[in-house]
1. Given points 7 Å out from each Cα along the Cα-Cβ axis, report the Thr10 to Asp57 separation in nanometres with one decimal.
2. What's the FRET efficiency of Ser2 with Ser46 using the Cβ-Cβ distance as r and R₀ = 30 Å, to the nearest 0.05?
3. Take peptides 26-39, 2-15, 59-72, 93-106 and line them up by average Cβ neighbours within 10 Å, highest first, as a rough protection proxy.
4. From the square roots a ≥ b ≥ c of the eigenvalues of the alpha-carbon gyration tensor of the stretch 28-106, which class results: rounded (a/c under 1.5), prolate (a/b over b/c), or oblate?
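Just so it is clear, none of the values below were taken in a lab; they were calculated from the coordinates. Keep in mind that this is a model prediction, so the values were computed, not measured. Cβ coordinates were reconstructed from backbone atoms using ideal geometry, including for glycine residues, and neighbour counts include every protein chain displayed.
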Amino acid sequence: MSLRDSLLATRNAADVPLTPAPPTPEWPAVDGRLFLGTLSEADLGSISSSGAGQEADEGLFRAGLVCKVLRDANANRVLQDSDAPAMAAKETLVMERLYHAAREANGLTEENRRGFLPTAASTAQNGSPTSSPAPSAAPPTSTGS
């Protein structure tokens, strides 16, 4: 099996086990019945392209993330993308709890991302936007012998 085939055969986001959502006692009809799924890179990109980073859209972004990850016990999505505006109108106390749990379950915390994102300090030290040293030699090639 080639390296490409091996990589493509690894599990997809939909194959990752669910994480129980935090308690939502403020919403008794769903309390204890919600789970958090794992985002794919495409899911994250679709949320990000909807206006993340713009202060006016931050609530919609956060609600969009919650909509993408909330699942029932059978791993079915509970909400659709179009539900984000309605979820953005929900009370902050519950939405913050769900949003932060969704970020944590998907490795989107600053702590998790710190080692992967370029920083001004690492760029200044080596002139590269990553903290990894440049490779010292080209990768080996096959001579066909």
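1. 2.9 nm
2. Plugging the Cβ-Cβ distance into 1/(1 + (r/R0)^6) gives 0.50.
3. Per-residue Cβ counts within 10 Å, averaged per peptide and sorted highest first, yield 59-72, 93-106, 26-39, 2-15.
4. Working: a/c = 1.77, a/b = 1.26, b/c = 1.40.
Note, shape of the stretch 28-106 comes out oblate.
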